[in-house]
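As structure tokens, the structure follows; a few thoughts come after it.
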Amino acid sequence: MFVFLLRRLLQACIVMLIISLLSFVIQGNLGDPVRQMVGQSVTSEEVEKIRQEQGLNDSFFQQYGRYIKNALHGDFGESYFYKEPAFHVIMAKLPATIELTLAAIILTIVIAIPCGVFTAIRPKNLASHGIMFFSTIGLSTPIFITAILLLYVFSALLQWTPSFGRGETVSIMGLWESGFFSLDGLYHLILPSISLSFILAPLFIRLIRSEMLEIMESEYIKYAKAKGLSSARVYFIHALKNIMLPIITIGGIQIGNIIAYTILTETVFQWPGMGSLFIDSINRVDTPVISAYLMVVGVIFVFTNTLVDLVYGLFNPTVKLAVKDV
Amino acid sequence: MSYPVREITFSISPRRWKHIWAGFLSDKLAVLAFSIFVFYCLIAMAAPLIAPFDPYDTALIDLLNAEIAPSWISGDERFLLGTDAQGRDLLSAIVYGTRTSLSIGLLAVLMQASIGICLGLISGYFGGLLDTLLMRCADIQLSFSNILIAIVLLAAIQSIFGLAYYQDHAMIMLVFILGLAEWPIFARTVRASVLAEKQKEYVDAAYLMGISQIRIIFKHILPNTISPLFVIFTIQIANVIVAEAALSFLGLGMPISQPSLGSLISIGFDYLFSGIWWISVVPCAVLMLLILVINLLGDVLKNHLNPRHYKD
């Protein structure tokens, strides 16, 4: 177990190293910072002096080390566009993204568990075929197309839902701008979270279905049925509990996809979260924000992935065998 | 001293192909999907012949023709699917866009496959430290999604080289980045088959005959690892096309001057609320059908190539 933990942590460090190198290169490589500071009418000796003072003549590793040191203090420089520290800009947008993701995950759970269980226990039912058909469609529709079509039908044509933004938000203790506690905020949340779960739910429906089908064959389920337990209890307590682990871990591995999906959804719905901020910053060439976003997302990504792997390793003894022969 | 060596290599026997083909023909949905896919491919290949206008030719674009609705609404016979905000014929733009999207898809998957197959063969055949290292890399890379990798890399490239330079080389960059993004899927599958094949006697026999290792790997082992790759190859084309469209939609992919389906959707999205729905919705439908068809084909191939999964 200890070796497994160590190996996972090492892997996490390597990934972070790559991400930080990338964001360092992005931050450092754009134009000549001294020329931007002083303009054209300065002699080259003075430029050289400023370069020396600012540490721009140091070796790559020295500069990179300084970048990491600053990054660990949350200092990524000032955003060119917002004139604020880039890290604060990102953090101000974080709640919007987290709430969107949370709403989508809740919706996904509410849809996927009953549908997945139902298709597994009644495979021949017409409704099961319907669910599987929709999950095929959902899996092969790119998320931004779902989002655009939903937006077109419900906002542009029917005008039932708002078309952009988060609506009214409530500040919780001055730390967190939440859209969960106002009707307007929830109203704005409907379409973005539906389009996110439209691609996540099919994945989980299929996963739950195949896991359920497999576990329904096992002895203990047959025994529970033979014992005369109600079928709801057998399906939702006995069976579902045991397939939760693989589902949670595979869900955790989706984090990379979810980050990419939030970028797309936020762009379509102009949701003021980190993803749309990232795309806007790319268009504005606002390098400190780009670099800060990469680092923040990198930390979230690596943290979730490592956690998921550890949970899997802890609860599933067979994974340790797999580690040995790799 | 060299002996005349008669190497015998079989991959999938012709009879098996015949069997697969017969099974395929009996599946109506598969035939439908396949014909639609062939239709897309023909349109993509013959784009310059089919398209009524050349969307790259600015001389043909007239602002007076901008925002004309599809012909069944506006009654304008010249533009079957209407025009976009610049007065470009939408049908021609879609035909050329399909061409761009499909080419990027095919080229990027070819790149994925060649990198993945080579690394998978080497990794599986030689094993040891190299194998561990390559598979670790594959693990790490697979845990990111390909769109995320592509977004990050393209953002980096755009901010380092500048927008103008990027737009001139957009297609090469997209193929290159999407090609690099998912080699591990191929590599893992190949490696798994190589590990199984390596144990078999024909490999030992070939080795004893004095055939070089490189030749054994590529001539003897490779043909036996190919068949599961067809499914991955097909599904990856769909994945790459989706990724490309998503990137173009975000403004990180093909520029507006050389539209792919994704960039057409992106152009039209700005006009969605002014009632000009066709610029965005029509390419959306074209793209959705293409992806659905390719995924269906992948499912069919999976069923017929691995009989174990048949009738899931």
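Result for chain A in a Gaussian network model with C-alpha springs under 10 Å: among A:Ile19, A:Ile50, A:Ile109, the largest mean-square fluctuation is at A:Ile50. Counting only protein heavy atoms and a 1.4 Å probe, the range A:197-252 has 53 square angstrom of accessible area per residue. For chain B, the relative contact order comes to 22 percent (Cα pairs under 8 Å, sequence separation of at least 6). Charged neighbours of B:Val109, selected by a Cβ distance under 13 Å, balance to -2 (K, R count +1; D, E count -1).
Computed over the range B:174-234, relative contact order equals 45 percent, with contacts defined as Cα pairs under 8 Å that lie 6+ residues apart.
Per atom type, chain A shows carbon and sulfur on 67% of its accessible surface, probed at 1.4 Å.
With a/c under 1.5 counting as rounded, go ahead and sort chain A into rounded, prolate or oblate using the C-alpha gyration tensor (a ≥ b ≥ c being the square roots of the eigenvalues; past the cut-off, prolate if a/b is larger than b/c, else oblate). It comes out oblate by the Cα gyration axes.
Stretching the chain fully between B:Ser26 and B:Arg215 yields a gain of 64.2 nm (0.36 nm per residue, less the alpha carbon separation). Extension gain, A:Met216-A:Leu310: 0.36 nm per intervening residue step, less the Cα-Cα distance, totals 31.1 nm. Rounded to whole Å, the principal axis extents of the Cα atoms in the protein assembly as shown read 77, 70, 67, largest first. Taking Cα atoms only, the orientation of helix A:126-140 departs from the longest principal axis of chain A by about 20 degrees.
Buried surface between chains B and A: roughly 3500 Å² of accessible area, summed over both sides, computed with a 1.4 Å probe on protein heavy atoms only. Rolling a 1.4 Å probe across the protein heavy atoms gives the range B:22-309 an accessible surface of 42 Å² per residue. Relative to the longest principal axis of the Cα atoms of chain A, the long axis of helix A:86-121 makes an angle of roughly 10 degrees. The distance between label points at A:Lys225 and B:Lys200 comes to 4.0 nm (points 7 Å beyond Cα on the Cα→Cβ vector). Within the accessible surface of the range B:234-312, defined with a 1.4 Å probe on protein heavy atoms only, the carbon and sulfur portion equals 57 percent. Spin-label pair B:Ile226-A:Gln270: with each label point 7 Å from Cα along the Cα-Cβ axis, the two points sit 5.3 nm from one another. Computing FRET efficiency as 1/(1 + (r/R0)^6) for A:His73 and B:Phe176, where r is the C-beta to C-beta distance and R0 is 25 Å, gives about 0.10. The relative contact order of chain A, computed from alpha carbon pairs under 8 Å that lie at least 6 residues apart in sequence, is 27 percent. A loss of 20 Å² or more of accessible area (1.4 Å probe, protein heavy atoms, ligands and nucleic acids excluded) relative to the isolated chain is seen in these residues of the range A:257-274: A:Asn257, A:Ala260, A:Ile263, A:Leu264, A:Thr267, A:Val268.
Contact residues in the range A:124-162 (at least 10 Å² less accessible area with all protein chains than alone, 1.4 Å probe): A:Thr136, A:Ile137, A:Ser140, A:Thr141, A:Pro142, A:Phe144, A:Ile145, A:Ile148, A:Leu149, A:Leu151, A:Tyr152, A:Ala156. Most tightly packed first, judged by the mean number of other beta-carbon atoms within 10 Å of their residues, the peptides B:137-150, B:257-270 read B:257-270, B:137-150.
In the range B:124-148, comparing the full protein assembly with the chain on its own, the residues that lose 30 Å² or more of accessible surface at a 1.4 Å probe are B:Arg136, B:Ile140, B:Ser143, B:Phe144, B:Ser145, B:Ile147, B:Leu148.
The values are calculated or read from the model by the stated rules, or taken from the named source; none is laboratory data. From a predicted model like this one, the values you see are computed outputs, not experimental measurements. Neighbour counts are summed over all protein chains in view; Cβ atoms, including those assigned to glycine, are modelled from backbone coordinates with ideal geometry. Note: accessible area is taken over every heavy atom of the protein model, side chains too, but ligands, DNA and RNA are not part of it. Shrake-Rupley method; radii C 1.70, N 1.55, O 1.52, S 1.80 Å.
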